[in-house]
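Here the structure is laid out as structure tokens; the discussion comes afterwards.
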Number of protein chains: 2
Amino acid sequence: MKFISGVKPKETTEVTQILTGSYEGKTVKMEGSIHTIRAMGEMSFLVLRKAEGLIQCVCRQGNTDYDVKALKEESAVIVTGVVKQEERAPFGFEIHVTAIEVLSEPAEILPIAVSKWKLNTSLETKLHLRPITLRNPLERAKFRIQEGIVRGFRDFLHSQGFTEIHTPKIVARGAEGGSNVFKLDYFNKKAELGQSPQFYKQTMVGVYDRVFEAAPVFRAEKHNTTRHLNEYTSLDFEMGYISGFEEIMEMETAMLQYVMKLLEKEYQRELTMLQITLPNVEQIPAVPFAKAKELVADKYNRKIRNPYDLEPEEEQLIGTYFKEEFDSDFVFVTHYPSKKRPFYAMDDPADSKFTLSFDLLFKGLEVTTGGQRIHDYHTIIKKMEARGMNPEEIESYLMIFKYGMPPHGGLGIGLERLTMRLLDEHNIRETTLFPRDVTRLEP
Amino acid sequence: MKFISGVKPKETTEVTQILTGSYEGKTVKMEGSIHTIRAMGEMSFLVLRKAEGLIQCVCRQGNTDYDVKALKEESAVIVTGVVKQEERAPFGFEIHVTAIEVLSEPAEILPIAVSKWKLNTSLETKLHLRPITLRNPLERAKFRIQEGIVRGFRDFLHSQGFTEIHTPKIVARGAEGGSNVFKLDYFNKKAELGQSPQFYKQTMVGVYDRVFEAAPVFRAEKHNTTRHLNEYTSLDFEMGYISGFEEIMEMETAMLQYVMKLLEKEYQRELTMLQITLPNVEQIPAVPFAKAKELVADKYNRKIRNPYDLEPEEEQLIGTYFKEEFDSDFVFVTHYPSKKRPFYAMDDPADSKFTLSFDLLFKGLEVTTGGQRIHDYHTIIKKMEARGMNPEEIESYLMIFKYGMPPHGGLGIGLERLTMRLLDEHNIRETTLFPRDVTRLEP
């Protein structure tokens, strides 16, 4: 009988091994994809693309064990060669090739030069060819940063006693209501795709006190904008036993501090490639909604048209204001009007036209919505009835309040938006692997 | 201006603080939910439920600062009291209460006693009242174990150079084909819910060499069984530059070893509560499909009815065989028949009726499907055509082969199934937070 007992050492050498060992002058085998080939008379430079980055390989003419001219870009190969220090090469070394084994070959040449430093094409083409254009090192770097954000989010919350949960995405009824839900037929019953894990994460506060989830959510928004997606990754957390909604903002601030430190420590290569300066999150200003509107109206000479609404331009100007006045890329706007928030939001006891809630703006764009939730059964029933909602329709959610819930609150962060602002991109599709919008269902 | 700068120390004390500090005889405040109250003459025992476990609190009569009789189960409270060592209490300490502050109260008494050690009710009732029944400590423990599995999966793969990805769940076409897809209307276009991230994870191998994702997948299976769900969490990975499909099994084995160690180290309390002995995964036997059928036919006196199919009972018996003969709870069954695998599976060059693929059985149940994939463009086109499939329909997937892909393969693990087998449960709904089956869309 054959037994499998774990990962065997590979015959090939990894970049990190070379960087941390003594390989100078030694022969190694290294696998990768042929990123580019440049013939330079007696020498050819072959650049190998690996997950970690690009590796410069030098092929000398007269070496008859392989024919560089026969090689194709995007072939997968194993290169054998001698490691030589070379300061000008990526990672500070190059490989002087003695043999090349071709593992696979493309059927056609690339329709776009992914080996260009910056892809010189429209967003439309880039997205159409996404499976290929993502091979461009700058494009790859963006989604490595995105990975780092999610890792930081989870690792930090785990350290704070949060439990990770997996909640269903096919639901009987969306948490936010409204018309922007995708509907589907579920064995002859009406179902929807979850707009948010709201009901479930609140439910799980009654179980684990503190929970989080990083998972897809779905919004059938009919407008195509640079900051909306129809499917995105929502970073959600929810925490019990809070003494005020400020604790949620404090948790988010601490999480962002952790994420920035993680990116600085483990994603420096990508940050450098993308020329990103991480924002300062040591402290984030918090300003009430009404006050924020005033500040912006005063400073930028605007009229307040509707005290209970925030126009996109106002949001942008609040960002500008806090950058100019406090040198902060982030600002918490607190106490959103009650009618702008879902029924489960807790109203401010000081003024029930507002709620104990907040948005986090990052360079003038909302990247988080959060707040304290109602935990008392009678209060939530009353609020639903005042809004003309039927409590019977969401009985299985209301159950948690009927049988007792601690004071609690939480938030949801749009991962792609956060990444977009962090990377100073101007279209959310740039920081979404395979974006879904009104016209885009493929790739 | 107000500034938020991170998490402030709480006024209340956590269990871990008490366990690692010197709190004997000191007064603490502790928050939690009232799990049970037992009046015993002059004394009452109040059990506080916290994420970490249950805390025994002793209330003496005559203490007039609070009225135990007025307290309700499932109220959220802050208890003030003196910490006393008490070996018989959970965690080895109890709190002698001096004051109780009620934070919230339920509107009604629980319809089921969640404080019973084991919930004494039908699965049907348990699932109907899931938001409440999950508060039972044994129920909670199951999903903490599930959290541990996912953490281990991610942390191990991260250490092996895998990058985490987030791929769309609304897709133009499912990867597996067939009739078990949920369909939806996507802005007047036909769309489906992803049965697997297959196409996308393969695509991302061309980008990052090694990738993983832990996310929901959707299967519109019309039959209600104890081991099928219509939505589940799939733990997927895909790796490039493999020299054979054995490398995928090796990676999975090493991952399982890591997961078991993590559970042993950090989830001991839950394992003990659930009386779970972790399986030995030091080595996992691997047996070809045809051979496995033979072994079972010989030992258990069965006829092989169809050499290209595995009946559920056979699967079960293969599990029994390897338990009896090799004391292994796991077995890799390799080289599945080609017609039982999707078109992208790589056929065995030695016999094209079979594939370079495998299932992992855990106590006779398939918990993983994996294998090597075709990486050559012409080969995959030919196989599609032989199956009467139209390559034009999945052009954006086939693009990756046309422009070059390294040899690669991967797998998908059903998280709920793995948890079910690990916890010796007999129905997959027991290890799914909020299961979706043919009749169940709520809670």
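Every number here is computed from the coordinates shown, using simple stated rules; none is lab data. Model, not experiment: these values are computed from the prediction. Cβ placement follows ideal geometry from the backbone for every residue including glycine, while neighbour counts extend to all protein chains displayed.
Take every Cα pair under 8 Å whose residues are at least 6 apart in sequence, average their separation, divide by the length of chain B, and the relative contact order is 13 percent. The alpha carbon gyration tensor of segment B:10-165 gives principal lengths a ≥ b ≥ c with a/c of 1.5 or higher and a/b no greater than b/c, which makes the shape oblate. Using a cut-off of 10 Å between beta-carbons, work out the net charge of the residues near residue A:97 (Lys and Arg +1, Asp and Glu -1, residue A:97 not included). Net charge around residue A:97: -1. Taking a ≥ b ≥ c as the square roots of the eigenvalues of the alpha carbon gyration tensor, segment B:15-104 is prolate, as a/c is not under 1.5 and a/b beats b/c.
3J(HN,Hα) along segment B:28-34: 10, 10, 9, 9, x, 9, 6 Hz, from the Karplus curve 6.51 cos²θ - 1.76 cosθ + 1.60 with θ = phi - 60°, whole Hz, x for Gly and Pro. Result for chain A in a Gaussian network model with C-alpha springs under 10 Å: among A:291, A:26, A:84, the largest mean-square fluctuation is at A:26. Lysine pair count for segment B:1-140 with Cα-Cα distance under 23 Å and sequence separation of 8 or more or different chains is 26. Where the alpha-carbon atoms of the protein assembly as shown are placed on the principal axes, they occupy 96, 83, 57 Å, in descending order.
Once backbone amide H atoms are built at 1.01 Å from N, residue A:100 has A:80 as its partners under 5 Å, excluding neighbours fewer than 5 places away on the same chain. Each label was represented as a point 7 Å from its Cα along the Cα-to-Cβ direction; for residue A:109 and residue B:5 these points are 6.0 nm apart.
Listed from fewest to most Cβ neighbours within 10 Å, the set A:338, B:22 follows the order B:22, A:338.
Rounded to the nearest whole Hz, the Karplus-based 3J(HN,Hα) values (6.51 cos²θ - 1.76 cosθ + 1.60, θ = phi - 60°) of segment B:283-293 follow the sequence 8, 10, x, 10, 9, x, 2, 5, 5, 4, 4, with x at glycine and proline.
Between amide H atoms placed 1.01 Å from N, distances below 5 Å from residue A:2 occur with B:286, all of them 5 or more places distant or on a separate chain. Take each residue of peptide A:435-442, count the partner chain Cβ atoms within 10 Å of its Cβ, and average: the result is 5. Compared with the alpha-carbon gap, the fully stretched path from residue B:326 to residue B:45 is longer by 96.2 nm at 0.36 nm per residue.
Between residue A:226 and residue B:70, the simple spin-label model (points 7 angstrom out along Cα→Cβ) gives 6.0 nm. The HN-Hα couplings worked out from phi for segment B:51-60 by the Karplus form 6.51 cos²θ - 1.76 cosθ + 1.60 (θ = phi - 60°) are 3, 6, x, 9, 10, 7, 10, 10, 10, 9 Hz, whole numbers, x standing for Gly and Pro. Neighbouring Cβ atoms from other chains, within 10 Å of the Cβ of residues in B:122-130, number 1 on average.
Expressed as a fraction of 2.2 N^0.38 Å, the value expected for a compact globular protein of N residues, the C-alpha radius of gyration of chain A is 1.18. At an R0 of 60 angstrom, the distance between the Cβ atoms of residue B:63 and residue B:277 translates into a FRET efficiency of 0.85. Magnitude of the charge dipole for segment B:15-104, about its Cα centre and with charges confined to Cβ atoms of Lys, Arg (+1) and Asp, Glu (-1), is about 40 debye. Maximal additional length on extending the residue B:264-residue B:120 stretch stands at 49.0 nm, based on 0.36 nm per residue less the C-alpha distance.
For the rotational copy pair A/B, the chain A residue whose Cβ lies nearest the symmetry axis, together with its distance in Å, is A:184, 2.
Using a 10 angstrom cutoff on alpha carbons, build the Gaussian network for chain B and name the most mobile of B:414, B:161, B:371. It is B:161.
In a DSSP loop and with at most 13 other Cβ atoms within 10 Å, the trypsin sites (Lys or Arg not before Pro) in segment B:218-265 are B:222.
On the beta carbon distance between residue B:14 and residue A:138, with R0 = 56 Å, the FRET formula returns roughly 0.80. Under a Gaussian network description of chain B, with springs only between Cα atoms under 10 Å, the residue in B:87, B:425, B:385 that fluctuates furthest is B:87.
The mean number of Cβ atoms from other chains found within 10 Å of a Cβ in peptide A:200-213 is 5, as a whole number.
Measuring between their Cα centroids, segment B:100-121 and segment B:135-206 lie 35 Å from each other.
Can you give the Rg to Rh ratio of segment B:198-252, both from alpha-carbon atoms, with Rh computed by the Kirkwood formula?
Rg/Rh for segment B:198-252 comes to 1.08.
Based on Cα contacts under 8 Å between residues 6+ apart, segment B:325-407 shows a relative contact order of 24 percent.
Close amide H partners of residue B:440, meaning residues 5 or more places away or on another chain with modelled amide H under 5 Å apart, do not exist here. For a modelled paramagnetic label at residue A:179, 7 Å from Cα along Cα-to-Cβ, the residues of segment B:156-188 in reach, with backbone nitrogen under 16 Å, are B:187-188.
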